[in-house]
Each structure stands twice: as structure tokens, then as C-alpha cells.
Amino acid sequence: MRSLMPALVALLVASPVWAHGPTPQKVEESIEIAAPPDAVWSVVKDFGGIANWNPALTKSEGKGGVDSGATRTITLKNGGELEEGLDYYSDTEMTYLYRLNREKVDVLPVSSYTSEITVKPGADGGSTVKWMGRFYRADTGNEPAPDRNDAAAIKAMKDYITEGLNGLKAKVEAK
């Protein structure tokens, strides 16, 4: 039995049977804004109006307001469009949760995502805005191309969220 052990270990390590598909990824970014939470929330809360403050977008159109099931279509700077659906919205908690309704991996290299954006009191009367996204890479197979792997998905989501938060800060603090 001992003589078989090294061969068995080598077989198990090299076996493609042990390969697995994608694992969920997460990006969480936050930013401090020198304005009270109510002032920040007044900009963020318009689910359909995200293009008014997110420079990663050229256009956004919403349907259904802020009711659960509302949708928005966003157009990214690369010209691609995505449709997102609102799952939860709370004025009192200053938060909403939304998801990608239909994947378009050529627009954004993820196969699905859910996101949450929240405004909280910050330091010195300002605000802290936290934006979190959970997602899977574009190619859910075992050997994705470099532009559709976990690293590409993480970079794309991080860039999108960071650009959005920086745009929000610039808009609110310019008032």
C-alpha cells in the first residue's frame, strides 16, 4: 500500500476531475464625502439617474422608480448597455440593492452580479459611501480566457465602482 501512495497522490493532484468552475468574487470600496448623509443620499437615491453622477456611464434610464422590481438601463463609456433590476430600496437606511438582469460579457466581463450601495454618517459631519459588488467571472468554465477570468472581472468591477464613487464625491462636494 505504501508503494502505491505516491502514485495515488500524483494522480489526484494531476487529475482534471478536480478542476472546478468559478468562485464568487467580491469588490467593496468606500469613500468619504464632505457633505451630510442626506445631501449625498439625495444624489444617490435616484436609481434610474446613476449616470448623473457616475462618469463611467454616458446614459441611464429607469423604469418603475424605486419600487422593488424597478429596472434601469445603463450605457457604459464603451457604448455597451446593461439592464439592472432593483431588489431592495430603503430611504431610511439610505441603501439599495440591485442585480444584473441579463449578462453581456462583451460589455462587462462578469456573468452575473449583485450590488449594494449605502450612505452612512462619516467623520466631521460628512458621509461614508460604501459600494459592494458580488459577481462571477464572464467565462464560467474551468479555463477562461485572460479577458474573461477572475482577475478581469475583479478589475472591471473595481474600476467601475471606484470611478462611480469618485464621480459621486466630485458632484456632491461641488455643490
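The values are calculated or read from the model by the stated rules, or taken from the named source; none is laboratory data. Everything numeric in this text was worked out from a predicted model, so none of it was measured. Heads up, the Cβs are rebuilt from the backbone with ideal geometry, glycines too, and the neighbour counts pull from every protein chain shown. Areas reflect the complete protein model, heavy atoms only, side chains present, ligands, DNA and RNA absent. Shrake-Rupley method; radii C 1.70, N 1.55, O 1.52, S 1.80 Å.
On a 0 to 90° scale, report how tilted helix 5-14 is relative to the longest principal axis of the chain, with both axes built from alpha carbons and the result rounded to the nearest 10. Taking Cα atoms only, the helix is inclined about 40 degrees. Can you grab the distance from the C-alpha centre of the range 47-76 to the C-alpha centre of the range 123-175, Å, no decimals? With the range 47-76 and the range 123-175 each reduced to a Cα centre, they are spaced 16 Å.
Would you mind checking K45/K77; K104/K155; K77/K130; K77/K171; K63/K130; K59/K104 for any pair whose Cα atoms are more than 20 angstrom apart? Pairs exceeding the cut-off: K45/K77; K77/K130; K63/K130. From the residues G141, P121, A35, which one has its Cα farthest along the dipole of the chain in the positive direction, the dipole being from +1 and -1 charges on Cβ of Lys/Arg and Asp/Glu about the Cα centre? Going by the Cα projections, it comes out as G141. When each of the peptides 82-90, 104-112 is scored by how many other beta carbons lie within 10 Å of its residues on average, the order from highest to lowest is 104-112, 82-90.
Dividing the summed -39500 (n - 2.57) terms of all DSSP H runs of n ≥ 4 by the residue count of the chain sets its mean residue ellipticity at 222 nm at -8000 deg cm²/dmol.
Matching the structure-derived Kirkwood radius over Cα pairs in Å against the labelled list (i) 16.7; (ii) 16.3; (iii) 17.7 gives the label (iii). For the chain, the longest principal axis of the Cα atoms and the long axis of helix 150-174 meet at an angle of about 10 degrees.
Each Lys and Arg adds +1 at its Cβ and each Asp and Glu adds -1 at its Cβ; summed about the Cα centre, the chain shows a dipole of about 320 debye. The portion of the accessible surface of the chain made up by carbon and sulfur, rounded to a whole percent, is 55 (1.4 Å probe; DNA, RNA and ligands excluded). Summarising the label geometry, the points placed 7 Å from Cα in the beta-carbon direction at T73 and E143 lie 3.9 nm from one another. Maximal additional length on extending the N101-V66 stretch stands at 11.0 nm, based on 0.36 nm per residue less the C-alpha distance. For the chain, the solvent-accessible area works out to 55 Å² per residue, with a probe of 1.4 Å and every protein chain left in place. Protection proxy ranking, highest mean first, for peptides 68-74, 134-140: 134-140, 68-74, where packing is the per-residue count of other beta-carbon atoms within 10 Å, averaged.
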